[in-house]
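**Student:** First, the structure itself, so that you have it in front of you.
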Amino acid sequence: MSLAAPPADAAQPIDDPAAIRGADPALLGAALRASRQRTLARLASYERALAPTGMTVPYSPEVNPPLWEMGHLAWFQEYWIARNPDCHRGIDAPIDAPRMPSLREDADRHYDSSRVEHTARWRLPLADHAATRDFLDRTLDRTLDIMAAWRPSADPLHAPPYFAWLALMHEDMHGEAAVYMANKLSIPLDAGRPRAREDGDAEGGVMAAVEIPAGRCEIGSRAGACAFDNELPRQHVELAAFVIDAAPVSNAAFLAFVEAGGYEQRHCWTAAGWEWRQRHSAGWPRFWRRNGPAWEQRWFGAWEPIVAQAPVCNVTAHEADAWCRWAGRRLPDEREWECAARSHGSRAGRGAGHAFAWGDVWEWTATEFAGYPGFRAYPYREYAEVFFGKGYRVLRGGSWATQAHVASATFRNWDLPQRRQIFAGLRLAWDLD
Ligand code: AVJ
Ligand code: FE
């Protein structure tokens with residue numbers, strides 16, 4: 001290991017998705033601790049806002065009960081690490097080995113997301129705040145003990161404690177969920193905002209686009225290291241020439257569509273999109289409102305002026321599709337997005353100066369979520385496969401609320417096209433002819 005100080009702008013290994021995917025037990029232990037600090041800080045904000053109502057929130061398909069989320073984090077980590085008899089085998093562990101008992105007798109009954117369906121989570125006799133905290137603390141202690149005692153196998157490819165990485169990614173994905181749920185529920189939270197682009201024009205258009213010539217492109221993750229099953233197998237794809245914008249669509253550019261009456265023009269919308277728009281009487285994005293001549297956006301309960309050069313956020317895939325039709329463009333498919341991000345992008349350099357800037361909002365793509373050719377579910381069967389072929393759309397990139405070590409050019413996120421609680425926007429692509 002080099003002891004030279006890294007340049008000031010270089011990502012630390014703990015923040016670097018590639019480094020964390022090959023991390024040793026010490027770094028993963030430190031990362032799990034740091035993520036837990038963030039989890040607990042958010043929990044404290046929820047406590048302040050929701051204690052008067054006993055930590056309950058109204059039912060919505062877009063959120064989970066906060067204490068269920070917390071118990072689920074503890075359950076997940078314990079299930080894959082302390083309770084997993086084959087944890088030490090990392091990526092070679094068999095999937096179905098019976099688990100050792102949990103610290104909580106109700107753990108599998110209450111917190112296993114594949115056994116407890118979404119509406120049932122509101123009806124469970126859940127542990128209270130103190131007991132849930134205790135479950136979080138004690139399961140993390142056991143994980144950290146296992147990391148401290150970890151003996152890497154002789155084969156360096158099999159050395160990484162895969163399940164510690166998986167639990168880390170899981171905690172951070174739920175960490176972002178805690179942020180978007182707080183935004184939806186108007187819970188004040190010390191969180192950021194998508195960053196405004198510095199090199200857009202006055203209307204919010206961006207000056208440059210990236211031209212990708214026809215050819216072969218590699219997508220997906222390397223087998224053998226820590227990766228999600230849905231990123232495998234790595235493969236070559238043939239793409240026709242296309243152009244993709246250098247940045248996501250801005251609020252100003254989206255507003256032009258709103259003010260041109262785009263939400264009233266049937267021809268801008270797909271059939272499913274128009275049905276959605278009618279059902280919700282939507283006239284603009286969910287968290288916007290008009291205030292005299294100005295437009296405002298609600299962030300964590302506070303109304304703020306819309307930032308023209310910031311990317312539009314919290315739109316559905318239906319709205320993204322409609323904006324594209326109106327603009328005479330299309331959404332990229334996910335392979336185009338990954339190809340552009342790999343060859344021209346960098347999340348660390350998001351904002352000005354990069355040919356392909358990403359990482360401030362998730363970006364809807366045109367792709368329906370499915371396995372790559374040759375997909376094999378492993379090891380967390382309920383992570384991705386159960387969502388294939390059910391109308392979920394792929395999102396790429398990451399938002400300002402995505403923990404740095406989660407967001408990589410290969411990472412695939414997904415949600416239903418009508419969802420708008422997540423920090424999702426869009427980017428335009430078009431064919432080159
Ligand atoms: C990858 C964000 C779509 O929230 O359903 C958390 C992440 N999976 N626990 C989701 C996840 C299981 C997943 N997304
Ligand atoms: Fe989960």
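**Student:** Would you please name the residue that is surrounded by the most Cβ atoms within 10 Å (Cβ to Cβ), looking only at residues in the stretch 60-107 that are within 16 Å of ligand 1 (Cβ to nearest atom) and in a loop (DSSP other than H, G, I, E, B)?
**Tutor:** I81
**Student:** Here is a further query. Has the stretch 123-131 got any residue that is surrounded by 15 or more Cβ atoms within 10 Å (Cβ to Cβ) and outside any loop (DSSP other than H, G, I, E, B)?
**Tutor:** Taking every residue of the stretch 123-131 in turn, at least one turns out to be surrounded by 15 or more Cβ atoms within 10 Å (Cβ to Cβ) and outside any loop (DSSP other than H, G, I, E, B).
**Student:** Quick check on the stretch 27-47. Is at least one of its residues within 20 Å of A407 (Cβ to Cβ), in a loop (DSSP other than H, G, I, E, B) and aliphatic (A, V, I, L, M)?
**Tutor:** no
**Student:** Would you confirm, using the coordinates I've provided, whether A196 is closer than 15 Å to W299 by Cβ and modelled with pLDDT under 95?
**Tutor:** In short, yes.
**Student:** For the subset of the stretch 52-96 comprising residues that are aliphatic (A, V, I, L, M) and within 16 Å of ligand 2 (Cβ to nearest atom), which member is nearest to T119 (Cα to Cα)?
**Tutor:** The qualifying residue nearest to T119 (Cα to Cα) is V63.
**Student:** Mind listing whichever residues of the stretch 409-425 are buried (at least 23 other Cβ atoms within 10 Å of the Cβ) and polar (S, T, N, Q)?
**Tutor:** N413
Yes or no, residue by residue, for (1) surrounded by fewer than 22 Cβ atoms within 10 Å (Cβ to Cβ); (2) under 25 Å from V237 (Cα atoms); (3) at pLDDT below 95:
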| position | (1), (2), (3) |
| --- | --- |
| A322 | no, no, no |
| D333 | yes, yes, no |
| E336 | no, yes, no |
| H344 | yes, yes, yes |
| A357 | no, yes, yes |
| V361 | no, no, no |
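**Student:** Name the pairs: first residue in the stretch 170-195 and among the aromatic types (F, W, Y), second residue away from ligand 2 (no atom under 16 Å from the Cβ), Cβ to Cβ under 8 Å, at least 6 apart or on different chains?
**Tutor:** Y180/A401; Y180/F423
**Student:** Mind counting the residues in the stretch 174-197 that are among the charged types (D, E, K, R) and touching a strand residue (DSSP E or B) at 6+ places or on another chain (Cβ under 7 Å)?
**Tutor:** Number of matching residues: 2.
**Student:** I would also like to ask the following. Only one of (1) in a loop (DSSP other than H, G, I, E, B); (2) away from ligand 2 (no atom under 16 Å from the Cβ); (3) acidic (D, E) is not met by E336, so which one is it?
**Tutor:** E336 satisfies all of (1) in a loop (DSSP other than H, G, I, E, B); (2) away from ligand 2 (no atom under 16 Å from the Cβ); (3) acidic (D, E) except (1).
**Student:** Among what's in the stretch 378-392 and is away from ligand 2 (no atom under 16 Å from the Cβ) and modelled with pLDDT of 95 or more, pick the residue that is nearest to F228 (Cα to Cα).
**Tutor:** Only one residue fits best here, namely F388.
**Student:** To continue, here is another question. So if I check each of W400, W430, which one is more than 13 Å from ligand 1 (Cβ to nearest atom), within 12 Å of the chain's Cα centre (by Cα) and not aliphatic (A, V, I, L, M)?
**Tutor:** When all the criteria are applied, what remains is W400.
The values are calculated or read from the model by the stated rules, or taken from the named source; none is laboratory data. This one's a predicted model, so the numbers in the text were calculated from it and none came from an experiment. Don't worry about glycine lacking a Cβ; one is built from the backbone with ideal geometry, like all the others, and counts go over all protein chains shown.
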